[in-house]
Each structure stands twice: as structure tokens, then as C-alpha cells.
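Have a look at the structure below, then the notes.
The values are calculated or read from the model by the stated rules, or taken from the named source; none is laboratory data. It should be emphasised that the depicted structure is a prediction, and the values quoted were computed from it without experimental measurement. When we count neighbours, we look across all protein chains shown, and the Cβ atoms used for this are built from the backbone with ideal geometry, even at glycine.
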Amino acid sequence: MEPALKALGQRVAATQDESLDGLVDLQRARARLLATSSRRRGPTLSHLALAALVLLLAGFGILLRARAQPLEFQVGAEVRPAAGDGWIAAAEGQSLPITFSDGTQLTLLDRGRARVVNVEATGAAVLVERGKLRASVVPRPRGHWQLFMGPYLVRVTGTKFDVSWEPEAERFALNLLEGSVVVSGPAIDGERVVRAGEVLDLARPAASTAATAATAAPEPAAIAPEPEHSSEPALERRRSAPARARSTPEPSAARALDVRELARAGRYREALAASERAGFDELCQRSSAEDLMLLADVARLAGDARRAERAYEQVRRRFPGRDGGQAAFFLGRLAFDERADYTEAARYFELSLGEQPAGPLAREAAGRLIEAKLLSGDIEGARAAARHYLALHADGPYARTARRLLTTP
């Protein structure tokens, strides 16, 4: 009996082993089937979710990069590659649009002259040397537009307005058509908000006094001799001149009068021609500081850099101090813009800042000094100029350039 039971147990065990082997084979076959099936079906749900996430992040990165890219702009039909690429000037009786890629348009009118000094993703900084500008700024979140009109700053988010700057009269005018802007400058206590329908017209007191005096009694000549070392203002001397000085002017004085009248009208080429007929070099020797600066500006704006330099050098020789400091600034600009002599430009900008550290041109002289030092290869000098600029003009048009220079290894 016992051998029979033992044999039966062995057969049962063998049968179980065969069943287990079959189950293992079935599991292996199922695993192979699942592997093959998954390869044929393509990505699983988790793979699709991961791919969607990657695409979403990539798109977000592209959006961020697009937002960080500075706006592009063109002058008329000419695309400008970068800010700071030279001065922009409208011809007499003409207009010249500066169009930005966000739809904003700044239009220079009738002899207006400006320079785009910085462009960001949210706006731009524009220096207006003279003339009238018509602005149509597209409103955008965090929009940051700045117009530097002489010593005045106009901060804009989105609006339409006309603004002008007359450097000879130091007159600033703003006509707000839509929206609002914030204006700061020497004739304003802090900042002033100007809203649609409002007009702001600011001029130095001397300019209005001069206009009143001119209306009451015409001056004998536009460009008259002045003692070199007198501290009495030219206007006061002319007003207190004896009656015989108001007699009919000599032909040369009449031609000098033409120079001033044409210059005030913005007809610089005609004014320069009148100065040549009157004797340009003679006028440089005998004119007052105010009239000599006007003569130098006429030559510069008429495109005659050689005569402009001669006149500005005469200002520095004959009238050191305030007028000499301003002349140094314009000599630096001529060296920079006309001759690309950046070392000489930096020297003149430093002279201007040393002689007029708080003058109306000091902020731009400090900014142009950074550029001149960089382009002349004086990196350490440029960094020092950048630190000086930020200490005095942290919100100025060259502030971003200065910060970038100081943070770049």
C-alpha cells in the first residue's frame, strides 16, 4: 500500500510542476505581448502630458523673450538698427515720423531735431534738442516713455500731445490732446500732472523781459560789440545804451541784425549766409557772448562744422565760465558726431562738466561722456563716468547704459 501511495504522490507533484511551468510561460508571454502592444500604440498618457508641458514651457519662454526684446523703430522709411544712432532732423517746413514697433509715433515738425538714446521693451527715451514734436503713444501696461526737452522731462504712458523746446529762449510748451503726462523741470515745483485739454507754456523770465524791451524800442543791431570782461548782462547794457545808439544802423550792423532775425525764425542756412556777408570772423571777434553763441549755433545747425568750431572756440577764449562751459559741450558734440574723434569729445565733455557742473547741459554732457569714453577704448574712464552719472541722474536717459556698463564683467 505504501509504495502505491508514494507513486501517486510523485505523479501529483509532477502534474503541479507542469501547471506552474505553464503559468510562468503564460506570464512571460503576456509581458512580451504588453511590451509589443505598447510600442505599437505610441506614447502613453503620461508621455503626452509631459510633451504638452514641454511645449507650454517653451511657448512661455518665447513669450518672455519677446517681452524682453526692445522695441524696433524706423525714421521715415529707414529702419534704425539701434538707439543712439545719430541725430534725427526734420527739414524746414517738413515733418519726419519716428515709428516704433508697438505703434507709437513721434513726429518731428519743421526743423525739429532729436535723438533716440535708449529703447526698451516698454518704451524709449528721446532727447529733443530743439523744435516741435507731435506724440501719439500707444497705451501699454508698464509703458515707460521719456522725452527730455532741454532741462524738462516729460514722462508718458499713453497719450497724444504736442510739445516744443526753444533753446535760445529756453521756452518749453506742451499742449495735451488726450490722456495725461507728468512734467518736471526748473520752473516746476516737483512734478506737475498735465491732463487732456491743458496747455503748459514755460519760459525763463529774461526771455519775456527781452521781448517787452524789443517791442518798446528796437535794438540797434543783433550782434554788437561787448567788453570782454564786463559782468553786466548784455540785455541790460543794450537797454541802458544812450539814445544815439538807436540811430539807423550801419550796413554791417543791418546785416548782423539779419543774422539774428533769420536764426530766431529757424532759417539757419540763410542766417549763415547773412553772417558771411557781414564777415563771419569779424562777428566772432566783436559779438557779445549771447550773440556769439547764437552765431556758433547757426553754423552748427546749418551744417558748417568748421565755422561752428571757430565760433565756439572764440566763446571759450573770450567768455570763460558759463558760456565757455556750454561751448565746450558743443565742441565735444562736433568732435563726436562730425569727426568721430571720441578722445577729443571726451575731453570737451569733461571740460563742460568741470566748468558747468549744474548747468542746463550737464546731464547730457555726463551721458555723452560715457559714450565717448567707451568708444575711445577707455573702459575704466567709462565706468567712472557711469558712476558719476548714476549718482546725479539716476532716472536720466543714459541710466540704463550706465548700469549695464557697471554690471557687465
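With the requirement that a residue be farther than 19 Å from residue 88 by Cβ and part of a strand (DSSP E or B), what does the stretch 162-179 give you?
Residues satisfying the conditions are 171, 172, 173, 174, 175, 176, 177, 178.
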Practice problem: Starting from the stretch 69-82, take each residue that is over 14 Å from residue 108 (Cα atoms) and of a type in the set (Gly, Ala, Ser) and list its partners that are modelled with pLDDT under 90 and assigned to a loop (DSSP other than H, G, I, E, B), counting only C-beta distances under 9 angstrom and pairs at least six apart or across chains. | Solution: 82/70
Self-check item: Filter result for the condition that a residue is modelled with pLDDT under 85 and either surrounded by 19 or more Cβ atoms within 10 Å (Cβ to Cβ) or more than 20 Å from residue 117 (Cβ to Cβ) (or both), over 135, 217
Solution: 217
Practice problem: Look at residue 297 and say whether it is under 27 Å from the mean Cα position of the chain (by Cα) and acidic (Asp, Glu). | Solution: yes
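Which residues, taken from the stretch 314-326, are surrounded by fewer than 16 Cβ atoms within 10 Å (Cβ to Cβ) and assigned to a helix (DSSP H, G or I)?
If the condition is that a residue be surrounded by fewer than 16 Cβ atoms within 10 Å (Cβ to Cβ) and assigned to a helix (DSSP H, G or I), then 317, 322 are the ones that fit.
Residues checked against (1) part of a strand (DSSP E or B); (2) surrounded by 20 or more Cβ atoms within 10 Å (Cβ to Cβ):
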{"residue": "71", "(1), (2)": "no, no"}
{"residue": "79", "(1), (2)": "yes, no"}
{"residue": "103", "(1), (2)": "no, no"}
{"residue": "108", "(1), (2)": "yes, yes"}
{"residue": "111", "(1), (2)": "yes, no"}
{"residue": "114", "(1), (2)": "yes, yes"}
{"residue": "122", "(1), (2)": "no, no"}
{"residue": "131", "(1), (2)": "yes, yes"}
{"residue": "142", "(1), (2)": "no, no"}
Practice problem: Quick one: in the stretch 52-100, of everything that is of a type in the set (D, E, K, R) and within 27 Å of residue 368 (Cβ to Cβ), which residue is modelled with the highest pLDDT? | Solution: 72
Quiz item: Looking at this structure, is residue 332 of a type in the set (Gly, Ala, Ser), more than 30 Å from residue 92 (Cα to Cα) and in contact with a helix residue (DSSP H, G or I) (Cβ under 9 Å, 6 or more places away or on another chain)?
Solution: no
